[in-house]
1. State yes or no: is A134 closer than 30 Å to L48 by Cβ, touching a helix residue (DSSP H, G or I) at 6+ places or on another chain (Cβ under 7 Å), among the small types (G, A, S) and at pLDDT 80 or above?
2. I'd like to verify a number: residues in region 57-94 that are closer than 17 Å to T142 by Cα and open to solvent by 90 Å² or more (accessible area, probe 1.4 Å), how many?
3. Please state which one of A49, A54 is touching a residue at least 60 places away in the same chain (Cβ under 8 Å), closer than 15 Å to L116 by Cα and open to solvent by 30 Å² or more (accessible area, probe 1.4 Å).
4. Being modelled with pLDDT of 90 or more and touching a Ser or Thr at 6+ places or on another chain (Cβ under 6 Å) is the filter here, so list the residues in region 23-76 that pass it.
5. Looking at region 9-35, which of the residues that are part of a helix (DSSP H, G or I) and not aromatic (F, W, Y) is most open to solvent (accessible area, probe 1.4 Å)?
6. Looking at Y24, Y44, which one is over 13 Å from P124 (Cβ atoms) and among the hydroxyl-bearing types (S, T, Y)?
7. Evaluate region 99-118: report whether one residue or more is under 23 Å from D3 (Cβ atoms), outside any strand (DSSP E or B), touching a Phe, Trp or Tyr at 6+ places or on another chain (Cβ under 6 Å) and open to solvent by less than 40 Å² (accessible area, probe 1.4 Å).
8. Quick check on my filter: what residues within region 12-38 are among the β-branched types (V, I, T) and over 30 Å from T99 (Cα atoms)?
Amino acid sequence: MPDSTLSQALKEAYAAAPSDVIIYHTLELNHPAFDQPIYVVNDYDDLLAYLETAAPVTFLRFAFRLTKPEVSPVGVPQVTVEIDNVSRDILANVQLAMTSTDLITMTYRQYISTDLTGPQNDPPMTMVLSGISATVFKVSATASFGDLHNKRFPNEEYTAERFPGLVA
């Protein structure tokens, strides 16, 4: 199934695989307990790239594995993520967040080396981490799109205060 969130340039890079174009896979981990979000890139070098808000950030080099969710009509889509050889700062932040009731959010962005002015998947995939385990060697987690089963539908309340035309 085609992915409508991918830019034409990224689709071409995947299809043609030119030797002079590199596809960068990045993660942003965020939690209220963090001083700042954690930005990592799956590469040998750090990466300076722009977020969708046009703010430049430095993605730190860390090896990670990300298994994208299957496109399936049944079941809740889940992603498995593992970040290897984490630094003490990342480990301390993740362990601090694990003691909190707030959830860690993970945003997955893709960039191409010829255009670092913004992510090539718009909107970037944002998920909530659960089942986190952290050691000095690896941080592992399962990510999903939140608690979809307990979301209200429709999620907007039509009240007389907000919509006075409902009251005669």
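The values are calculated or read from the model by the stated rules, or taken from the named source; none is laboratory data. Predicted model, so just to flag it, every value in this text is computed and none were measured. We place every Cβ from the backbone using ideal geometry, glycine too, and count neighbours over all the protein chains shown. Quick note on the areas: whole protein, heavy atoms, side chains included, nothing else; ligands and nucleic acids left out. Shrake-Rupley method; radii C 1.70, N 1.55, O 1.52, S 1.80 Å.
1. Yes: the conditions hold for A134.
2. 5
3. A54
4. E28, N30, V41, D46, L48, Y50, F59
5. For region 9-35, the residue satisfying everything is E12.
6. Values: Y24 fails: over 13 Å from P124 (Cβ atoms).
Y44 is the lone residue from the list that is over 13 Å from P124 (Cβ atoms) and among the hydroxyl-bearing types (S, T, Y).
7. Initially, region 99-118 is screened for residues under 23 Å from D3 (Cβ atoms), giving 105-118.
Then drop every residue that is not outside any strand (DSSP E or B), which leaves 113-114, 116-118.
Then drop every residue that is not touching a Phe, Trp or Tyr at 6+ places or on another chain (Cβ under 6 Å), which leaves 117-118.
Filter again for open to solvent by less than 40 Å² (accessible area, probe 1.4 Å), leaving 118.
Checked region 99-118: at least one residue is under 23 Å from D3 (Cβ atoms), outside any strand (DSSP E or B), touching a Phe, Trp or Tyr at 6+ places or on another chain (Cβ under 6 Å) and open to solvent by less than 40 Å² (accessible area, probe 1.4 Å).
8. V21, I22, I23
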